[in-house]
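To keep things clear, I will list the structure first and then write my remarks on it.
The values are calculated or read from the model by the stated rules, or taken from the named source; none is laboratory data. In this text, all values refer to a predicted model and were calculated from it rather than measured experimentally. Glycine gets a Cβ as well: all are built from the backbone with ideal geometry, and neighbour counts include every protein chain shown. To get the accessible areas, we keep the full protein, side chains included, count just its heavy atoms, and leave off ligands, DNA and RNA. Shrake-Rupley method; radii C 1.70, N 1.55, O 1.52, S 1.80 Å.
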Amino acid sequence: MKFDINTLEFESFKEFLLDNFISSFSKSSFKIIDILSDIESIYKRQNEIKQAVEYRESTSFIDDDNDFFSLFYSLTDKTKSFDPMDFVVIKNFLIKLSSLKEALEEKKYSHLLIYSESFSLYQHLIDLISKSINDKGVVKDDATPRLQEIRYSLNQFKNNIRKILSNIFNSSNADKFIQDKVIVLRNGRYTIPCKTNFSQYIQGIIQDKSASGQTLYIEPASCVSENNAMQELIIAESEEIAKIIFTLITAVKSSLIDLNKTVKNYSYLIMILEIGQFYSNKVHTFGECGDSMVFNQIHHPLLYLRKGENSIALDFTIEHKGDHIIITGPNTGGKTAALKSIGLNHLITYCGLPVFGSYFKFMQFQSILADIGDNQSIIMDLSTFSSHMVNINNIVNRADSNTLILFDELGTGTEPREGASLAVAVLKYLRKKGATVILTTHFTEVKNYALNTDNAYFYAVDFDYDNLSPRYKLIKDVMGKSDPIMIAERLGFNKEIIKEAEEELMRYKSLLEVQVEELNRMRAEAEHTKKILDAKEKELQEKEELFNAANKELQKKLNSKEIDLLEETYALLQKSKRLANQKEKISNEEIEQVIKKTSNKIADIKSKQVTVEDIKVNDIIFLDKYQTQVKILEISGSNVTVDLNGMKMKMKRNDIVGHKVEQVKPKQVKISDNTSKSSTKREIILVGKRVEEALDLLEKFIDDLLLTNYDKAYIVHGRGSGQLRKAIHEYLRVHPKVAKYHLAENNDGGNAVTIIEL
């Protein structure tokens, strides 16, 4: 397999993702991610990433594991010395492995479980380290009986020395020679700070002195034997700790073969989880392999990552392998970007990664070769044209029926007619070899070749000639014009030069060429208009669906009310029937009392209803009965016609119960072009704050936001160790008013900034 990854900027795409990764192991794996050679492997990785995208809780397992990363690769170094904190790092990593495995098993993600199931459970190592070292990296007193005995003796000697020194502090003449009544450790021995005249009052050894020379740190003679004994115990303690560390590192290294396998699977798994997190908040789709190539609103990956929603997606199709696609049109129209997008999206998909857009069907090629850009070489003494020819010759020699070739302006850089002839000859030769070719060109000869070749097709870049700006879209079956003269004219070029150029051009152009160009221009405009109409039709369809849904919901409410009334009526009739069949008949007087009581209830309910007064045509009324708004269409005596969500309905004047809805005329707001970004962007800067302080400030910040019209804000927490970011995310995850949160795009601060939406 051969892929021009540098020409297609695949490494730039990888670097963008790496900048958003946190784990050192995932970065290490992604740097060497492989381009897969078979469809089964591609689909397998796609399924892994799909589950990683779904697995939202994976963020709790993605952190900066650089400490263990560095430590792990030094375990085989025989000259490396280890300290107790190293084992805390190892223990925490092993606990993390166990938690990750347990979480994935709970979710039953079959594609991810393949890797976590191979994790060995190193509980014996975790227990051994926990028994010997605490979480702060200090060897525990009871790590061994010998260490416990040594430290007990050390404490005894320390207490004895403190008592001796305290007695000296409390002596009658202490103030005459003691500078400060504190015990100070110097050279591993307990001393007291004395004045320079100390020798008149106390015997001792000078262990150190202050920078000014006014304070001497004296080890009293009465403490020398205790200090000596304490030094011996300290040496013994160090030797015992060394034995403990040796035991621990031996245990770790004895599991190294199995640990290597576990770490390898962890590295791949955490990479997949990081990829899933990266794509989870972006519009993406997974490629589907087929006999044709289909780009349906697919973005150029780098442009999408840099521009976001401002990136313009591509629509493009190749029906069969071996087809030749000719892309034509003015410069700056997006031809080269389209070429790179086609190649780069294939490379990304061959890695099993999703692409940005709606739908993507890809072809499987063994090679993707490209000649794009200026390859001029000073070292090899090659001109632009010569360097292109060297590259094109290599491409032609490698090409076969499983090759996709991307040519940008094939044959340029030399005499136009000879360059065009060479381009046509290259295309004919590649057609014989069955290679699939996509190229951009301005050459008429290449266009004529395509017109007379069965499996050659045209695309033209869409260009707005009125505004002299590209629309960055491709139009199928249209032969575009380069139009340098027209563009020069629109840019204010000298009119005499423009006229002379047009006359010179017409000497070489036939009437048929002019007519074909005009037809293509008209077709391009028609295609552009069609796309606009299609977009409007889609918008109308969406509105119709919303209307139908609202209408259906209203009808459901009306039916429900009708059923309630019928059920109530039915219940009354049943009650009347039971009363009529009673042996003891009810007197008319009793019936009248029931009717009167019911009538009073109805009158009481109606008296509480507020009939809307002074209604006029076009008034908007909120009807209590239907819990919705209606518009008054017509008033005729006691009858009123209303518009109820698109349906006309006649009602009695007295049934208009509810309240008028005030209709506010929209105010005209002048939008200034020089609105500063700071006036529309709310952010809080927490860089350098302690976690507790940062969360207090964040809580107040969110409370203030809720009192404004802002529903989006930026939290600047910096990168650092990642602890502050992790604490903030945990706080946001459980906050009842935070709808969602995510790390910012690179152009907004990347993983140093979190965006929240309320």
Residues of the range 707-730 being of a type in the set (Gly, Ala, Ser) and not in a loop (DSSP other than H, G, I, E, B), which ones?
Ala713, Ala727
At pLDDT below 90, in contact with an Asp or Glu (Cβ under 9 Å, 6 or more places away or on another chain), buried (at least 18 other Cβ atoms within 10 Å of the Cβ) and not in a helix (DSSP H, G or I) - does that describe any residue in the range 416-426?
no
Qualifying helices (runs of 4 or more DSSP H) (wholly inside the range 434-513; at least 1 residues being modelled with pLDDT of 75 or more and closer than 23 Å to Lys340 by Cβ)
444-451
Asp291 being assigned to a loop (DSSP other than H, G, I, E, B), among the charged types (D, E, K, R) and either out of contact with any Gly (no Cβ under 9 Å at 6 or more places or on another chain) or modelled with pLDDT of 90 or more (or both)
yes
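One line per residue, one yes/no per condition, for (1) in a helix (DSSP H, G or I); (2) under 30 Å from Tyr43 (Cα atoms):
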site	(1), (2)
Leu233	yes, no
Glu239	yes, no
Ala251	yes, no
Ile257	yes, no
Asn260	yes, yes
Ile270	yes, yes
Val283	no, yes
Tyr304	yes, yes
What are the residue pairs meeting all of these: first residue in the range 53-79, first residue more than 18 Å from Lys108 (Cβ to Cβ) and touching a residue at least 60 places away in the same chain (Cβ under 8 Å), second residue among the aliphatic types (A, V, I, L, M) and assigned to a loop (DSSP other than H, G, I, E, B), Cβ atoms under 6 Å, and 6 or more apart or on different chains?
Ile62/Ile22; Asp64/Ile22
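For the range 731-751, which positions are assigned to a helix (DSSP H, G or I) and modelled with pLDDT of 85 or more?
Hits for the range 731-751 are Tyr731, Leu732.
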Of the candidates Lys78, Lys108, Lys44, the one satisfying the condition of being farther than 24 Å from Arg719 by Cα, modelled with pLDDT of 90 or more and open to solvent by 80 Å² or more (accessible area, probe 1.4 Å) is Lys44
Return yes or no: is Ser23 surrounded by 18 or more Cβ atoms within 10 Å (Cβ to Cβ), within 22 Å of Arg733 (Cα to Cα) and at pLDDT 90 or above?
yes
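How many of the residues in the range 624-656 are among the acidic types (Asp, Glu) and modelled with pLDDT of 80 or more?
Result for the range 624-656: 2.
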Would you check which residues across the range 298-316 are touching a Leu at 6+ places or on another chain (Cβ under 8 Å) and either surrounded by fewer than 15 Cβ atoms within 10 Å (Cβ to Cβ) or free of Cβ contacts under 8 Å to residues at least 60 places away in the same chain (or both) and list them?
His299, His300, Ser311
Strands (runs of 3 or more DSSP E) contained entirely in the range 317-371, each with at least 1 residues that are open to solvent by 10 Å² or more (accessible area, probe 1.4 Å)
357-362, 367-371
Does the range 406-439 hold any residues that are under 13 Å from His324 (Cα atoms) and among the charged types (D, E, K, R), and which are they?
Lys428, Arg431, Lys432, Lys433
Some residue of the range 148-170 being surrounded by 14 or more Cβ atoms within 10 Å (Cβ to Cβ) and in a loop (DSSP other than H, G, I, E, B)
no
In the range 199-253, which residue that is farther than 30 Å from Tyr73 by Cα and among the acidic types (Asp, Glu) is surrounded by the fewest Cβ atoms within 10 Å (Cβ to Cβ)?
Glu232
Filtering the range 734-758 down to residues that are charged (D, E, K, R) and in contact with a Phe, Trp or Tyr (Cβ under 8 Å, 6 or more places away or on another chain), which residue is nearest to Phe16 (Cα to Cα)?
Asp748
When you go through Ile257, Ile272 one by one, which is the residue that is of a type in the set (A, V, I, L, M, F, W, C), surrounded by 18 or more Cβ atoms within 10 Å (Cβ to Cβ) and either under 27 Å from Glu54 (Cβ atoms) or more than 35 Å from the chain's Cα centre (by Cα) (or both)?
Ile272
Failed item in (1) in contact (Cβ under 8 Å) with a residue 60 or more places away in the chain; (2) surrounded by fewer than 17 Cβ atoms within 10 Å (Cβ to Cβ); (3) not in a helix (DSSP H, G or I), with Lys181 passing the rest:
(1)
Could you grab me the full set of residues in the range 194-227 that are in a loop (DSSP other than H, G, I, E, B), among the polar types (S, T, N, Q) and closer than 14 Å to Gln179 by Cα?
Thr196, Asn197, Ser210, Ser212, Gln214, Thr215
Considering each of Ile62, Ile95 in turn, give the residue that is over 25 Å from the mean Cα position of the chain (by Cα) and aliphatic (A, V, I, L, M).
Ile95
Pick from the range 372-383 the residues that are under 40 Å from the mean Cα position of the chain (by Cα) and open to solvent by 20 Å² or more (accessible area, probe 1.4 Å): which of them is modelled with the highest pLDDT?
Gly373
For Gln123, only one of the following conditions fails: (1) closer than 22 Å to Thr250 by Cα; (2) polar (S, T, N, Q); (3) touching a residue at least 60 places away in the same chain (Cβ under 8 Å). What is its number?
(3)
Pairs, first over 17 Å from Asp748 (Cβ atoms) and among the hydroxyl-bearing types (Ser, Thr, Tyr) in the range 694-715, second modelled with pLDDT under 80 and open to solvent by less than 80 Å² (accessible area, probe 1.4 Å), C-beta under 6 Å, six or more apart:
none
The range 401-412: number of residues that are out of contact with any strand residue (DSSP E or B) (no Cβ under 8 Å at 6 or more places or on another chain) and either surrounded by fewer than 16 Cβ atoms within 10 Å (Cβ to Cβ) or at pLDDT 90 or above (or both)
1
Condition first: closer than 18 Å to Ser60 by Cβ, among the hydrophobic types (A, V, I, L, M, F, W, C) and open to solvent by 30 Å² or more (accessible area, probe 1.4 Å). Now tell me which residues in the range 81-105 satisfy that.
Ile95
Going through the range 721-744 one residue at a time, which ones are in contact (Cβ under 8 Å) with a residue 12 or more places away in the chain and either among the hydrophobic types (A, V, I, L, M, F, W, C) or on the phi > 0 side of the Ramachandran plot (or both)?
Gly722, Leu724, Ala727, Ile728, Leu732, Val738, Ala739, Leu743, Ala744
